[in-house]
Amino acid sequence: MSDPINRRTFTALSAGFVLGAASDLTGAQDTPRPPGPVEAPFERDYPVPGFKPSWKKPQINRLLVQDFVIFAHSELDMTKKLLEKEPALLNATMDWGGGDWETGLGGASHMGRRDIATFLLENGARIDIFCAAMLGLLDAVKAFLTLQPKLIDAKGPHGFGLHFHAQVGGAEAEKVLDYLQSVKKVELKPNPFLKK
């Protein structure tokens, strides 16, 4: 059992809390906050769902997810290292703001990183139409578009479309790009990853 707090200790602690809170308020007005994710304000204007999640396991740390997704854009060794450290990162998704959701596979796909995408797929990552387009998987892209033709206008992470993903796939994805252009012709911008 802890010792009861005396009046002097209570007064000192109370003053510290008040002064600390006041300095936090003035500091917040004078000093800009460091950049980072900020959750949008939200208040339900609809009934609360009947199902209540149990939250039996802790969520994966957001900074770890962020780092994994960033490394999966361009660094195979670090992607492997973090996936070994935390296998649940494989399909973890980062919201870069405004619903711009991205997985490691999504990052590798729009960067044209076939090696990273293949590594993630071999470990069980969930393939999507954007990855299939980048990898040049023509039959898969056709199947997706047959199932849902409106996917031709779908946007992946950061707003990159199917044509872009096929374009960054290089020579291996040329047939996919030709097919996509036959379904819907779009103006192609220069491939940012094409070596000059």
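Brief remarks follow.
- Unmet criterion (only one of (1) exposed (fewer than 12 other Cβ atoms within 10 Å of the Cβ); (2) more than 22 Å from the chain's Cα centre (by Cα); (3) among the charged types (D, E, K, R)) for GLU174: (1)
- Residue match in the range 60-73 (condition: assigned to a helix (DSSP H, G or I), under 25 Å from HIS110 (Cβ atoms) and over 18 Å from the mean Cα position of the chain (by Cα)): no
- Boolean, ALA108 is over 28 Å from GLY161 (Cβ atoms), modelled with pLDDT of 95 or more, hydrophobic (A, V, I, L, M, F, W, C) and in a helix (DSSP H, G or I): no
- Subset tally (residues that are under 18 Å from VAL168 (Cα atoms) and either more than 16 Å from the chain's Cα centre (by Cα) or among the small types (Gly, Ala, Ser) (or both)) for the range 90-112: 6
So that you can scan it fast, the table gives a plain yes or no per residue for (1) under 24 Å from LEU121 (Cβ atoms); (2) touching a helix residue (DSSP H, G or I) at 6+ places or on another chain (Cβ under 8 Å):
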| site | (1), (2) |
| --- | --- |
| ASP45 | no, no |
| PRO49 | no, no |
| LYS52 | no, no |
| TRP55 | no, no |
| ILE70 | yes, yes |
| PRO87 | yes, no |
| LEU90 | yes, yes |
| THR93 | yes, yes |
| GLY98 | no, no |
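- Cβ separations smaller than 7 Å between residues 6+ apart or across chains give the following pairs from the range 142-164 residues that are closer than 14 Å to LYS189 by Cβ to residues that are modelled with pLDDT under 95 and open to solvent by 60 Å² or more (accessible area, probe 1.4 Å): HIS163/LEU188.
The values are calculated or read from the model by the stated rules, or taken from the named source; none is laboratory data. All figures in this text were calculated on a predicted structure; none of them were measured in a lab. As a convention, Cβ positions derive from the backbone with ideal geometry for all residues, glycine included, and neighbour counts pool all protein chains shown. The protein model used for the area step is the full one, side chains on, heavy atoms only, and it has no ligands, DNA or RNA in it. Shrake-Rupley method; radii C 1.70, N 1.55, O 1.52, S 1.80 Å.
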